[in-house]
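Notes follow the structure.
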Amino acid sequence: MTRPHNAPDFCAIAPNGGSASAGRGALAPKAHWIGVLMQDVLNRAGQGESVLMVGRNATFRKELHETIEDAGYTARIAISGAEAMRHALQSVPDIVLLDADLGDMDGFELARQFKVLAHTAHVPLIFVTDANAPENLVRALASGGADCVTHPVQPLEVLARMGLHLAGARERRQTRNALDARSEERRVGKECL
């Protein structure tokens, strides 16, 4: 497939850091661009952030655990809602991957519990649901989920979505910290008067 003569040049950063220009000729193969996107996602991935993976589905845990850790995140696993709450109370995760079916409770109830607690309310929750149950997307978002992916999970998609939500959470945290510092400065300034 070639592009029209007047089509603009298209250029992207190749995985090796060089230019991957398609020029005015044929577009690069789909596999090449997927590789470029994968490298970009991995370059922006985990900065030591912690991921709590909650689900009793062993395939879900196995598919994602290694990918998440290879991308630079610290992954913890919980197989029930109660275990997830214990993990979160011990050390608040930066993001949660949450299966809708947990056994002891559904993931939607666990999400509501996370959003009620002050120290976990800010944590982005990404649900993993069955593709054959589209109503779960609405339930996931209504219970406090930030996003939703379906089984079978695509690890690259999950990493990309995690990166997006973690970047937003970092920005919100920085804004909160700056506002808190400003409030403290004002409080100290008033005390000095």
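I'd like to know if segment 74-83 contains one or more residues that are buried (at least 18 other Cβ atoms within 10 Å of the Cβ), assigned to a loop (DSSP other than H, G, I, E, B), of a type in the set (A, V, I, L, M) and modelled with pLDDT of 90 or more.
There is at least one residue in segment 74-83 that is buried (at least 18 other Cβ atoms within 10 Å of the Cβ), assigned to a loop (DSSP other than H, G, I, E, B), of a type in the set (A, V, I, L, M) and modelled with pLDDT of 90 or more.
Just the residues that are open to solvent by less than 50 Å² (accessible area, probe 1.4 Å) and outside any helix (DSSP H, G or I), please, taken from segment 84-93. Break it down into steps so the answer makes sense when it comes.
Keep residues of segment 84-93 that are open to solvent by less than 50 Å² (accessible area, probe 1.4 Å), which gives 84-85, 87-88, 93.
Residue satisfying the conditions is 93 alone.
The values are calculated or read from the model by the stated rules, or taken from the named source; none is laboratory data. Being a predicted model, the structure only gives us computed values, none of them experimental. Reconstructed Cβ throughout: ideal geometry from the backbone, glycine too, with neighbour counts over all protein chains shown. Ligands, DNA and RNA are stripped out before the accessible areas are found, and what is left, the full protein with its side chains, is counted by its heavy atoms. Shrake-Rupley method; radii C 1.70, N 1.55, O 1.52, S 1.80 Å.
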